[in-house]
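A.B. asks: Could you have a look at this structure, given as structure tokens, before my questions?
The values are calculated or read from the model by the stated rules, or taken from the named source; none is laboratory data. Note that the structure is a prediction, hence the values are computed from the model and not measured. Quick reminder, even Gly has a Cβ in these numbers, built from the backbone with ideal geometry, and neighbours come from all protein chains shown.
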Amino acid sequence: MNERLNDKKIAILAADGFEQVELLEPRKALDENGATTHVISPSSGEVKGWDSTDWGETVSVDAELASANPEDYDALLLPGGVMNPDNLRREEKAQSFVRHFFDAGKPVAAICHAPWTLIDAGVAEGRKLTSYHTIQQDLKNAGADWVDEEVVFDRGLVTSRNPDDIPAFNAKMVEEFANAGKTAQAA
């Protein structure tokens, strides 16, 4: 096990319908690098993943969003899937939770459709990022500089387009999360 993230506590914000591979693979990379990861969700108990074309595995929720304190975490992972960010983006508590990381200069990693949540949290404007291609216009309308690249890093925000990008996404996410607190993310 690599110990690059030994002292890091990472929040993973997810709701039912998260793209299974976009939560499980990045979480595995974080865990293998020594991080402590917690799934935060508006619901308690478990959240159900989406596995490409049908419901997939469930993941235990470590803390309900209503009582989770973003100050307890060094970084934030936002997995994609269509339903997951669509469920989260209209939750004021989710928006507030996400905004905390940007306001505090903590790193955030978002993949696929997850940047939808960034739009409603009000943190996409002025950022260079990527996402699943079908939401590029939403991001452009929110003032983001959308690009079609495997992985994009902009002031503490790591983004990727889809599950094919997970190896590059994980590598950049681990690198930036390891540097949490060393480089400020200007909102």
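A.B. asks: Being touching a strand residue (DSSP E or B) at 6+ places or on another chain (Cβ under 7 Å) and either surrounded by fewer than 22 Cβ atoms within 10 Å (Cβ to Cβ) or not aliphatic (A, V, I, L, M) (or both) is the requirement here; does V158 meet it?
C.D. replies: no
A.B. asks: S67 is checked against (1) surrounded by fewer than 16 Cβ atoms within 10 Å (Cβ to Cβ); (2) in contact (Cβ under 8 Å) with a residue 60 or more places away in the chain; (3) more than 18 Å from A35 (Cα to Cα) and fails just one. What number does that condition carry?
C.D. replies: (2)
A.B. asks: Determine the pairs where a residue that is small (G, A, S), located within the range 89-104, has a partner that is at pLDDT 95 or above and crowded, with 16+ Cβ neighbours inside 10 Å with Cβ atoms under 6 Å apart, the partner being 6 or more residues away or on another chain.
C.D. replies: A94/L88
A.B. asks: I would also like to ask the following. Hey, can you tell me all the residues within the range 1-31 that are surrounded by fewer than 21 Cβ atoms within 10 Å (Cβ to Cβ), farther than 21 Å from W50 by Cα, charged (D, E, K, R) and touching a helix residue (DSSP H, G or I) at 6+ places or on another chain (Cβ under 9 Å)?
C.D. replies: Scanning the range 1-31 gives R4, K9.
A.B. asks: Among the residues of the range 110-151, write down those that are aliphatic (A, V, I, L, M), within 17 Å of E22 (Cβ to Cβ) and touching a Ser or Thr at 6+ places or on another chain (Cβ under 7 Å).
C.D. replies: A110, I111, L129, V151
A.B. asks: Taking the condition of being closer than 22 Å to E176 by Cβ, acidic (D, E) and touching a helix residue (DSSP H, G or I) at 6+ places or on another chain (Cβ under 9 Å), how many residues in the range 72-108 meet it?
C.D. replies: The number of residues fulfilling the criteria is 1.
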